[in-house]
Each structure stands twice: as C-alpha cells, then as structure tokens.
1. Could you work out how far the C-alpha centroid of region 201-255 sits from that of region 122-166, in angstrom?
2. Under a 1.4 Å probe, what is the accessible area of the chain per residue, stated in Å²?
3. What accessible area, in Å² to the nearest ten, does a 1.4 Å probe give for Asp29?
4. Can you pull the accessible area of Arg77 for me, 1.4 Å probe, Å² to the nearest 10?
5. Keeping all protein chains in the complex and leaving out DNA, RNA and ligands, what accessible area do you get for Arg245 with a 1.4 Å probe, in Å² to the nearest 10?
6. Could you check how many percent of all C-alpha pairs in region 178-238 are farther apart than 15 Å?
7. Evaluate the chain: find the radius of gyration of its Cα atoms, find its Kirkwood radius, and give the ratio Rg to Rh.
8. Could you check what % of the DSSP bridge pairs in the chain are antiparallel, to the nearest 5?
Amino acid sequence: MPRAPSNPPSVSVIVPVRDGESTIAGCIDAIVAAEYPLDHREILIVDNGSTDRTASLIKARPVCYLYEPKPGVSNARNRGIAESTGEILSFVDADCLVEPQWLAELVRPFEDPEVGAVAGDLQHAPATTAAERQAARLLGNWQEFAFNSNPAYPITANAAYRREVIERIGPFDPHMTRAQDVELGLRFQERSGRRLAYAEHATARHRNRNTQLGFFRQQLGWAYGAGLVGAKFEAMGGDPVKPPRIREIGRTARGLGIVLAAKARGRGETRWIEDAWFDLMRQVAWWVGARAGLLKGARIWKSS
C-alpha cells in the first residue's frame, strides 16, 4: 500500500460546488478518509451559490466552508486559492470520489523540483444508466488523453499545482465559464518553466451525468468551453479554430438511421442504437456549443 512521503508538503484540497447535494457528501467523506498527515492538509469546499442542501451537508463535516457569490467555477476555485495556505493546491470536482491513496500519490511527483503540476488518474464510477455508460464510452481515459495532448494539460477534476506556479502564471480566468482547466494548462505550458507529471495511482472516480438531458448539457458546456479557449488563443495570435461542420451531424444521423433500419429487420443489437443516438446528441451539442463559445470569446477578448 502506497504511503505518504516522509516529509510531505502542506496541501490545500479545493472543491468548488453548486447545488451538489446528491454528490458532495460522498466527495467530502472520501477526501477526509484519504491517507495524508492531518497537520499537512486542509480541505476547502467553496459553495458557489447553492440553493439546495449543499451548504448544510458541507458544514456538517470537518472541512472549511467558503461561500463565493460570484457565479462561475473559476471564481469558486480562485476563492479557494485565495483562502488556502498550502504549498500544493489540489483540485477535485464535487462529483468525484477519490481513493484512499489519492492525495499521497497526487503529491508524490512534486518531490521532483522540476514538476510544477500533476494530473491525477481519472476513472469513471460504475454506470447504472445509459447516459453514464455512454459518457464513459465517449470520454474513455480522459485524463490520459489530456496529458498526451499537444500541448498537454491536466483536467482539474483531479489535478494539483504548486502555489508558486499559480502565483507566476495567474489563477483561473473568470471569463472561462467552461474549460478553465484547458486554458490554465496551456498557460502553464507557456509560462511556468516547469513540467507536468502524471500520477497513475492518484485515482478519482467521476460520477457522470445519469440522464440524457444531463449528458447533453454537459457536452454542450464542454463544447462552449472549447470555443472560448479557441477564441482566446486566436485573439492572442494563434491559428483560427474551426468548429464542427454540419455534415458531421448528417453523417452521424445517417448512421443512426442505418442501425434503426437494421434493428427493424431483426438484425443488429440494441446497444448499437444507443451508441448512435448518444453520438448524435454529442455532435449536435458540439456543433451548437463550440460556435456559441467562439462568438462569446471573440466579443470578450476583442474588448479586453
């Protein structure tokens, strides 16, 4: 069983949440149970304007409750950073469940002074609905994908940065209402002078949206964020970003029609229809969301 380093750095675990009554209790309980010296760890949960029982669930647990009235997960994470004291800033999403060795393993790569940020392993919680099953299929090992992208970035559902790095490159951009981690990761690669490491044993399990509407909204948000990132870096002199084309939706819709026709003739499998339907929802979400993000981003960074 992995153990915490003998001389561990102080760590601030920051969790932003809004209306997370269905997940926040389990998230906090798992973090509290993680193996790390208590006198070297603090847990800050930032309530970003919840209207459900989120606040009471947080306050019933041995963590620091913070309230950030300005909407947006970037504002919530930045509030956590401002109130924290740790040498290492660790970020987890409220819909994740960390494993016992998570924090010790997430911190371990910082023993190398060249490491400025760490991407923790992201897996999917067991699926019980079609939406959860399809999210896992389409996302795959998304942290590994992000880490192997060019440039690489850590998904902040499970990631950590040195405080000195955040002070150098700046915190999360409040304009980035989605894809904050992508934008911050790109700034890290450009300005930090440090290396991104991957902690394969620092595992957090993400609980995916369990309804079709939740799946669609999440895909729409991610696409919007991708558009914002593209617009910001185009404004900084980068290459123009091309959003998905309508013909890609048409191709996916034809695929759905083919599997429906095959099923009607008694051929094929039901899961093929499910796969094709969720593929189509994802394509529509990205076609709409990416364009909306590019337009919004162009207005933001043209005026700034």
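1. 14 Å
2. I get 48 Å² per residue for the chain.
3. Number for this one is 70 Å².
4. Only protein atoms counted, so the area is about 10 Å².
5. Result for Arg245: roughly 110 Å² accessible.
6. 67 percent
7. Checking Rg against Rh, the ratio lands at 0.99.
8. Around 30 percent of the beta bridges assigned by DSSP in the chain are antiparallel ones.
The values are calculated or read from the model by the stated rules, or taken from the named source; none is laboratory data. Computed from a predicted structure; not experimentally measured. Note that each Cβ is placed from the backbone with ideal geometry, even for glycine, and that neighbours are counted across all protein chains shown. Ligands, DNA and RNA are excluded from the accessible area calculation, which covers all protein heavy atoms including side chains. Shrake-Rupley method; radii C 1.70, N 1.55, O 1.52, S 1.80 Å.
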